[in-house]
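Everything below concerns the one structure shown next.
The values are calculated or read from the model by the stated rules, or taken from the named source; none is laboratory data. All figures in this text were calculated on a predicted structure; none of them were measured in a lab. Here the Cβ is made from the backbone with ideal geometry for all residues, glycine too, and neighbour counts use every protein chain on show. Surface areas here come from the heavy atoms of the whole protein model, side chains and all, with no ligands, DNA or RNA. Shrake-Rupley method; radii C 1.70, N 1.55, O 1.52, S 1.80 Å.
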Amino acid sequence: VAYSNIAKSFTTQEWGIVRPDNPPGGTHSQALAAAMVDATRLGAAQEVDEAVVNYREDDPTPLLEDDGHIKLVALSVDRSDKVSKLLERRRRGANPISALSNGNFASINIRGMLIPFVKRRFPPLVWVPQVTCRTLMDDLVAGLTVGVMAIPQAMSYAAIVGVPYVIGLYTAFVPVVVYTFVGTSRQLVVGPVAMESLLIASGLSGLLTQSECPKWYAQGKNSLKSQSQLCPEEYTALVLATTFVVGLLETVSSIFGLGVLLRFLGKPVITGFTAGSAIVIMTSQLKDVFGIKIQNSETLQQVAKSIQAEAHHTSGLCVALALTFIAYLFFHRFVTRHRVLKRYLWWLQSLGPLIVVIIGVLMVRNSPYLQSKLKYVGHIPEGMPPARVPITSEMLGRVFPTAFGAFVVGDMEAIAIGKGLADKNGYSIDSTQELLAQGVANLVGSFFSCYTATGSFSRSAVNDRVGAKTQLAALISALVVMFTLLFLTSWFFWVPKFALAAIVITSVIPLVDIGSAIQLYKMSKKDFVVWLTAASLVMFLGILQGIAAGVALSLLIVIYETAKPQIIILWRIPGTTIYRNIKQESMGTFIPNVFICRLGSSLYFANVVYVKEMLLKYVEDLSDANNIEYMVLEMTPVVSVDYSASLVLEGVVRDFRRKGIELAFAMVGTRVRTNMARTGLLDVIGEKWFFNTVNEAVNYCLKHQRMKSTVAAVPNDIEAPIRGGSEELPAVDSHNSVVLLGSELSISNDLNSNHTVVFMNLEGDRPDVIADFLHRLRDMGFVLKGVHAEQFEAVSWRHRYFVQSSETGSKLSAEEVRLLRADLGELLDMN
């Protein structure tokens, strides 16, 4: 009768209610629904939007405009057994040594392990069967295109390293062939790249001993000629030794799973290093643009000083031709990538460098004047790469720092490029196998006069854009280079050096990714500082110094982040037993005298003191607003606690108990609990303070608080004051004591995209409160669009009302929410 009267009082056009499907009777929520349906019979809402009354005793989630139900079902017993066996087989297959040591030979599926292993280690078994006439034609076009593109690039990058041009061609041939049979990326093209070339050149600069290069020491270290120019054979041997060590590092890392260490070199460090290196590479090519001789250097200030000293020898003709070629390359790139023209000129996209080389050759070959004024490549030996032993034990220590830097940077870039291409083309790559493929390619290449090869961004992008489908495209590009080595090297005699410089400059300019720097600045100032630091150190201190500083900075950031783990404050979603992060859930309530938080990472010697200090600060900060008597630590992210952390936690527990604060631990993993037991921490805390859920922990704290109050009220019955450990207290009865939700109110604009959700939890049937609430909504000009009510714990009721503003037809504004909260808070206080 009470709810019927409530509904009859709302016979205005602001309220539109429809009967739910099959409404049973007899409970509070159904009575409310039926009463609102009675209002529709009285003609309360015939011309307004309908509102839906959802009531479910077992589901507190509001379902606006719900058409059906979703049933949660379990797998059948047979299918569950099958899933368990498959997962167990995978677990044992991942660690066959453990199975053998336990004598469990039957669990090792030799055939099931061997076939995937062979396919993983020899990828052609996977991609060769997929070759069709269509993919063969795509790979042929892509391979020819990339091969033609690789020839001038390989020669240009060899000039950066300081080795003969033919070494660059060898590097564009042998490692590519090897990678084809070991690598898993179908579009990645390995070979010489600009960054690796600069890194090797800067790392090996001046490393030849006096006995190996007496000419350089005789002229002094400030000579305009480098060791690579004065002692080319000895310097080339040092470069090949570096390649061997790089390949060895890559192979060993793949076998022992050490590739995970590459993750410590974050994206800001890589992009910063790349930008700084690109700028250094461009400045290193200015000597061929100006037609002058300058001292080889890896820092901007030294290059600028050398250029200033030799500026009076600048060749105006060389500068004019170089700038013309650079302008043409940019124009070529713009035209062939124009959104309209690229449909007709796509086949020319990768031919810009080759066109420049051809024009340069024709100019110099047919003009004795230019031959006398310009520098050109000269003789390039033809034939297959010669075999040689790449390293001696004496070289190992000298080249290792440079090799390590090349290993880190090269493989980070190669794997990143490979993963990006794989994601774009709908397949996946094996990072461990990729590391092995790079290692084998460099090891084999070092025996055939190749310097360090890695994934090329520009050639891989062209390979993918032209339509490569398998590694066959890279193999065809290698065959193009081989054909050039056998029959066409004499043709490259007249290639002008300024043309190669123009190719390098235009190739590395896109590597200075200012857009990424701006994005980093907007998203994370810390990452931007890392980017800027890496770029600056590379430009002004040197390549290896920049890498070392970048890695050190990345490690410091990792250590800093782990040493200061997140401590996430939790509060309860009103009317539920769910506790959420206060930053993620705008609608929540705190528990009187109970502080709840989640520790964001495992605890070890470096971060546990910080956690202790923060918990003490929270206790101090809340001493007036909500004096803490209990602290609940949610331990889900904590997967390990070392010995040092256990000792500190023991001190925290004892310290808090002296202050009258109990610590409860929720959702503690088996591994952490076992470690606590071994160190004795579990006995200090007490089994009773460990709980499966946060709600159980909170309920126990409230029961414990009630027990303390009861015992404290009878002081003659106890002999000692109640201490934090509460050993003197009678046992808390978890079964007979029931924790009930009190009356509470909350309002949220986050739970629903179109409505403001008003939540009320009421103790007992309170039709008078509901009537007053509905009248206040109407008086404030708000429209009720839906209501959900359910009984909880037999003595309280949860209500959710979906409200819109009558003026805007959408959720309430922030000011309207504030006014409504104040008004309804007054309502609950009065009742």
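Tally Lys/Arg at +1 and Asp/Glu at -1 over every other residue whose Cβ is under 14 Å from the Cβ of residue 608; what's the total?
-2
Going by average Cβ density within 10 Å per residue, which order do the peptides 350-360, 153-163, 458-468 take, highest to lowest?
Numbers: 350-360: 21.0, 153-163: 25.9, 458-468: 22.5.
Highest to lowest by the protection proxy: 153-163, 458-468, 350-360.
Per-residue counts of other Cβ atoms within 10 Å, averaged by peptide: what ranking do you get for 284-294, 523-533, highest first? Could you put the intermediate results ahead of the total?
On the way: 284-294: 20.9, 523-533: 17.2.
The most tightly packed comes first, giving 284-294, 523-533.
Given axes a ≥ b ≥ c from the Cα gyration tensor, I'd like to know whether region 337-391 is rounded (a/c under 1.5), prolate (a/b larger than b/c) or oblate.
Because a/c hits 1.5 or more and a/b fails to exceed b/c, region 337-391 counts as oblate.
Using only alpha-carbon positions, what ratio does the radius of gyration of region 522-564 give when scaled by 2.2 N^0.38 Å?
Normalised Rg, Cα atoms only: 1.21.
By the gyration tensor of its Cα atoms, with a ≥ b ≥ c the square roots of the eigenvalues, what is the shape of region 378-479: rounded for a/c under 1.5, prolate for a/b over b/c, or oblate? Mind dumping the intermediate values first?
Numbers: a/c = 2.40, a/b = 1.40, b/c = 1.71.
It is oblate, given that a/c is not under 1.5 and a/b is not larger than b/c.
For the pairs 225/497; 525/612; 419/525, note any where the Cα-Cα span goes beyond 22 Å.
Correct reply: 525/612; 419/525.
Just order 577-584, 684-691, 246-253, 202-209 by mean Cβ neighbour count inside 10 Å, highest at the front, would you?
The peptides rank, most packed first, as 246-253, 202-209, 684-691, 577-584.
Which pairs, out of 293/373; 82/119; 305/373, put more than 18 Å between their alpha-carbon atoms?
Going by Cα-Cα distance, 82/119; 305/373 fall outside the 18 Å limit.
Count the net charge of all other residues whose Cβ sits under 11 Å from the Cβ of residue 348, scoring Lys and Arg as +1 and Asp and Glu as -1.
So the surrounding residues net to +3.
Under a 5 Å amide H to amide H cut-off, with H placed in plane at 1.01 Å, what residues pair with residue 454 once short-range neighbours are removed?
It is 191, 193, by chain and number.
Counting heavy atoms of the protein chains only and a 1.4 Å probe, report the per residue accessible area for region 497-555 as a whole number of Å².
44 Å²
Counting each pair of different Cα atoms once, what's the Kirkwood radius of region 176-238 in Å, rounded to one decimal?
Computed over Cα pairs of region 176-238, the Kirkwood hydrodynamic radius comes out at 13.9 Å.
Which of rounded, prolate, oblate describes region 522-613, given a ≥ b ≥ c as roots of the alpha-carbon gyration tensor eigenvalues and a/c under 1.5 marking rounded, otherwise prolate only if a/b is larger than b/c? Working shown, then result.
Numbers: a/c = 5.23, a/b = 2.45, b/c = 2.13.
Prolate.
With all protein chains present, how much of the accessible area of region 369-504 (probe radius 1.4 Å) comes from carbon and sulfur, to the nearest whole percent?
On the way: 3450 of 5150 Å².
For region 369-504, the apolar C and S fraction of the accessible surface comes to 67 percent.
Tell me the per residue accessible area of region 406-459 using a 1.4 Å probe; a whole number in Å² is fine.
Result: 30 Å² per residue.
Ignoring ligands, DNA and RNA, please state the percent of accessible area on region 267-322 from carbon and sulfur, probe 1.4 Å.
Roughly 62 percent of what the probe reaches on region 267-322 is carbon or sulfur.
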